[in-house]
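What follows is a single structure, written as structure tokens, with notes after it.
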Amino acid sequence: MSPNVHNRHIIDILFVLSLFLLFSASSVVLIIFGVNIYNKTTSSMSANYSSRTSAAYITEKIHQSDMNGSVYIDNKDGGKRLVMTSTVQGQAYAAYLYEYEGFLYELYSRADLYLPPDAGQPVIPLSGLDFEFITPSLLQVSYTDEFGKDSAVYICVHSAAGAEQSRAGGV
């Protein structure tokens, strides 16, 4: 075999091997970019889901209970809680929404009973929650989700007496 033919075969092998290594390196770089984009997208989707779910849950609870004078704010156990009252077969009941130990809690009980905050059910992770009537029929709910994002939702409360009860209650 002549030296030229032997060198040509080595160059052919080196060329193919370098193309394979270039293709492999490009594939690894593309996979790394894809993983980073995927992680950012899922993180953003999770944060948006948490924030929107919190707002939707609180809004729906208020709308379910929005009857004359049934929605108001009180201060118990060192924090504000939203109270939504109803009457079932002549007995007064109350649903409470409040933040406790990093969660939005909901508690439903007879209105004349006192239950401690841990008696409620944890619903959604939240690190902060505040209720305030801006006008007698406009409730501002401010909250901080589990990712530290501050948000606020404004809810029209048709039972205008709710704000008067919360003011009369010392809030």
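Residue-by-condition table, conditions (1) touching a residue at least 12 places away in the same chain (Cβ under 8 Å); (2) closer than 16 Å to Val153 by Cα:
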residue	(1), (2)
Leu30	no, no
Asn36	no, no
Thr42	no, no
Met45	no, no
Ser50	yes, yes
Thr59	yes, yes
Ser65	yes, no
Ser70	yes, no
Asp74	yes, no
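Modelled with pLDDT of 90 or more and among the polar types (S, T, N, Q): does that describe Thr59? It is true that Thr59 is modelled with pLDDT of 90 or more and among the polar types (S, T, N, Q). Quick one: would you say Asp130 is acidic (Asp, Glu) and either surrounded by 17 or more Cβ atoms within 10 Å (Cβ to Cβ) or within 16 Å of the chain's Cα centre (by Cα) (or both)? Answer is yes for this residue.
Taken over the stretch 81-108, the residue count meeting the criterion of being of a type outside the set (A, V, I, L, M, F, W, C), under 17 Å from Leu139 (Cβ atoms) and in contact with a Ser or Thr (Cβ under 9 Å, 6 or more places away or on another chain) is 3. Of the residues screened, Val83 is one that is aliphatic (A, V, I, L, M) and either more than 30 Å from Thr144 (Cβ to Cβ) or free of Cβ contacts under 8 Å to residues at least 24 places away in the same chain (or both).
The values are calculated or read from the model by the stated rules, or taken from the named source; none is laboratory data. Every value quoted in this text rests on a predicted model; they were computed, and no experiment measured them. Neighbour counts run over all protein chains shown; Cβ positions are idealised from the backbone, glycine included.
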